[in-house]
Amino acid sequence: MLLSVVVPCMNEQESIPHLVVRLYETTAVYGKQAEIILVDDGSTDGTWQAIEEARKTCPQLAGLRLSANRGHQVALTAGLEAAKGERIFMLDADLQDPPELLADMMQMMDRGHDVVYGRRIERKGETLFKRVTAYGFYRFLNIMSDIEIPRDTGDFRLVSRRALDAVLAMPERARFIRGMFAWVGFSQIGIEYTRAGREWGETKYPLRKMLRFATDAITAFSTKPLKLATRLSFFSLGFSALMMIYVLHSLIVYQTAPGWASIVLAISIFSGIQLLTLGIMGEYIGRLYIEAKGRPLYYKSEHAEANGAEEAQINEPTPLRKRA
Ligand code: UDP
Ligand code: MG
């Protein structure tokens with residue numbers, strides 16, 4: 001199998017027939033070497049029926065139906081796990097991302113890139129609110145996270161089998177897929193495009209889901225928020241040192257009311273100590289969090305073995321964790 005197309009769908013009954021036609025046309029050149037996987041993410045409308053209907057006319061089409069709504073990123077993961085292709089193309093069901101870009105993406109991959117992601121240079125038909133929050137989000141995300149996540153990208157991308165396997169080897173539950181692809185490394189390149197408006201149905205990302213998505217994104221790639229307490233404690237302890245000078249000075253020079261000096265000092269010193277202990281806990285929790293994710297330490301993109309060495313004498317370093 002050369003190519004797998006993966007599309008998560010939730011309540012997209014109007015889009016599916018159009019989607020299948022467009023995908024069928026764009027993948028026709030690959031014939032039986034291509035498969036299209038539509039994942040029904042617990043839809044409550046006729047999405048599954050629409051998929052079944054489309055399967056009658058499109059032999060390359062496979063359907064996957066989740067038992068309940070698990071969210072965009074999980075539905076996409078389900079499709080990616082089912083994909084058998086050497087290259088995997090993912091896009092949204094609402095055709096906001098043009099499938100026709102596949103040909104260009106394939107060419108870029110031919111030149112040796114492992115990930116070709118779509119960068120939106122313009123978003124049509126989306127509210128000012130969505131555009132402003134999305135713009136701010138990708139910039140804030142890069143300040144907060146420890147890796148560089150390409151700006152203004154969605155999950156619209158073509159990836160190689162080894163990049164996909166690398167992502168699937170990350171067992172974490174909060175899945176921010178576009179960040180995970182950035183994290184695994186390999187050679188990545190962007191392709192710019194104009195994002196169309198949604199033609200059928202409405203967005204499945206209300207504010208509530210968008211906030212949840214943003215929180216997942218930030219916490220998945222950073223423990224910076226946990227380190228906030230440590231930074232604040234340095235601030236606070238420095239401040240209490242200055243306070244001490246001021247309080248002693250006032251006590252001696254102005255003969256302040258009895259009790260004032262001790263209360264002020266106790267408050268400032270102990271709040272500093274509390275923040276510091278919280279910060280120390282944050283450091284441990286952060287490490288626990290990273291360990292709990294159980295991500296592979298590294299992936300090999302190349303392995304040039306020694307030509308002259310005798311095989312029996314080389315001890316392969318034991319990998320910390322055996323992964324495919
Ligand atoms: N989606 C999904 N499960 C959800 C929410 C969304 O599978 O819980 C799918 C949806 O059908 C679409 C894609 O994820 O194919 C992106 O959603 P949408 O187009 O509503 O997001 P937007 O483009 O408005 O950001
Ligand atoms: Mg959309």
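Here, each number is a calculation from the coordinates, and none is a lab measurement. Computed from a predicted model, the values in this text were never measured in an experiment. With ideal geometry, Cβ positions are generated from the backbone for all residues, glycine too; neighbour counts draw on all protein chains shown.
I need the phi-derived Karplus couplings for the stretch 81-95: 6.51 cos²θ - 1.76 cosθ + 1.60, θ = phi - 60°, integer Hz, Gly and Pro marked x.
Using θ = phi - 60°, the values come out as 5, 7, 5, 10, x, 6, 10, 10, 10, 10, 7, 7, 6, 7, 6 Hz.
What's the angle, to the nearest 10 degrees (0 to 90), between helix 15-27's Cα axis and the longest principal axis of the chain?
So the helix axis and the longest Cα principal axis differ by about 70 degrees.
I'd like the distance between the alpha-carbon centres of the stretch 153-212 and the stretch 1-58, rounded to an integer number of Å.
One Cα centre to the other: 18 Å.
Give me TRP200, TRP260 sorted ascending by neighbouring Cβ count inside 10 Å, so fewest comes first. Numbers along the way, then the final one.
Values: TRP200 15, TRP260 12.
By the 10 Å Cβ count, ascending: TRP260, TRP200.
If you filter the stretch 165-266 for GluC sites (Glu not before Pro), then keep DSSP loop positions with at most 15 other Cβ within 10 Å, what is left? Let's see the in-between values first.
Numbers: sites: GLU172, GLU192, GLU199, GLU202; in loops: GLU172, GLU199, GLU202.
When the GluC sites (Glu not before Pro) of the stretch 165-266 are filtered for loop state and at most 15 Cβ neighbours within 10 Å, GLU172, GLU199, GLU202 remain.
Give the lysines reachable from LYS224 as a straight Cα distance under 17 Å; neighbours fewer than 8 places away on the same chain don't count.
Of all the lysines, those that pass the test against LYS224 - Cα under 17 Å, at least 8 places apart if same chain - are LYS293.
One quarter of the convex hull surface, Cα atoms only: what value does that give for the stretch 80-151 in nm²? Each step should come with its number before you reach the end.
Details: hull surface 26.7 nm².
Its average projected convex-hull area is 6.7 nm².
Report, in cubic angstrom per residue, the convex hull volume of the C-alpha atoms of the stretch 147-209. Could the numbers behind the result be given before it?
Details: hull volume 8.6 nm³, N = 63.
Expressed per residue, the convex hull around the Cα atoms of the stretch 147-209 is 137 Å³.
Could you line up LYS227, LYS124 from fewest to most neighbouring Cβ atoms inside 10 Å?
On the way: LYS227 14, LYS124 11.
By the 10 Å Cβ count, ascending: LYS124, LYS227.
When only C-alpha pairs under 8 Å and at least 6 residues apart count, what is the relative contact order of the chain, in percent?
Details: 469 pairs, mean separation 55.6, N = 324.
Rounded, it is 17 percent for the chain.
Residue by residue through the stretch 293-301, which ³J(HN,Hα) values in whole Hz follow from phi under the Karplus form 6.51 cos²θ - 1.76 cosθ + 1.60 (θ = phi - 60°), with glycine and proline marked x?
5, x, 6, x, 6, 7, 10, 8, 9
Using only helices, what value at 222 nm comes out for the chain when you add -39,500 (n - 2.57) per DSSP H run of length 4 or more and divide by the total residues, to the nearest 500 deg cm²/dmol? Display every interim value, and only then the final one.
Numbers: 10 runs with 156 residues, N = 324.
Calculated mean residue ellipticity at 222 nm is -16000 deg cm²/dmol.
Around ARG87, which amide H atoms from residues at least 5 apart in sequence, or from another chain, sit under 5 Å from its own amide H, with H modelled in the peptide plane?
Long-range HN contacts for ARG87: LEU3, SER4.
What are the residues whose amide H is under 5 Å from the amide H of ARG119, where those residues sit 5 or more places off or on another chain and H is modelled from the backbone?
Correct list: ILE191, GLU192, TYR193.
How would TYR117, TYR24 line up from fewest to most surrounding beta-carbon atoms within 10 angstrom? Please report the intermediate quantities before stating the final value.
Working: TYR117 22, TYR24 19.
Ordered from fewest to most neighbouring Cβ atoms within 10 Å, TYR117, TYR24 come out as TYR24, TYR117.
Run the quick spin-label model on GLU283 and PHE129: label points 7 Å from Cα toward the beta carbon, then report their separation in nm to one decimal.
According to this spin-label approximation, the distance is 4.3 nm.
Using the alpha-carbon centroid of each, what span in Å lies between the stretch 106-138 and the stretch 233-261?
Distance between centres, Cα-based: 54 Å.
Any chance you could run the full-extension gain for ALA28 through TRP200? It's 0.36 nm times the residue separation minus the Cα-Cα distance, nm to one decimal. Kindly include the intermediate steps, with their values, before the conclusion.
Values: separation 172, 0.36 × 172 = 61.92 nm, distance 2.42 nm.
Difference between extended and current length: 59.5 nm.
Explain nothing, just compute: Karplus ³J(HN,Hα) = 6.51 cos²θ - 1.76 cosθ + 1.60, θ = phi - 60°, for every residue of the stretch 126-143 in order, whole Hz, x for Gly and Pro.
Per residue, the Karplus-derived 3J(HN,Hα) values read 10, 5, 4, 4, 5, 5, 5, 5, 5, 4, x, 4, 5, 6, 4, 4, 6, 5 Hz.
Evaluate Rg over Rh across the chain, taking Cα atoms for both radii and Kirkwood's formula for Rh. Provide the component values of the computation, followed by the final result.
On the way: Rg = 26.3 Å, Rh = 23.1 Å.
My calculation puts Rg/Rh at 1.14.
Compute the length gained on full extension between CYS58 and GLU122: take 0.36 nm times their separation in residues and subtract their Cα-Cα distance, giving the result in nm to one decimal. Mind showing how you got there, number by number?
Details: separation 64, 0.36 × 64 = 23.04 nm, distance 3.23 nm.
Net length gain for the segment: 19.8 nm.
Once amide H atoms are placed 1.01 Å from N in the peptide plane, what residues at a sequence separation of 5 or more from ALA62, or on another chain, have their amide H within under 5 Å of its amide H?
Amide H neighbours of ALA62, under 5 Å, 5+ apart: ILE36, ILE37, LEU38.
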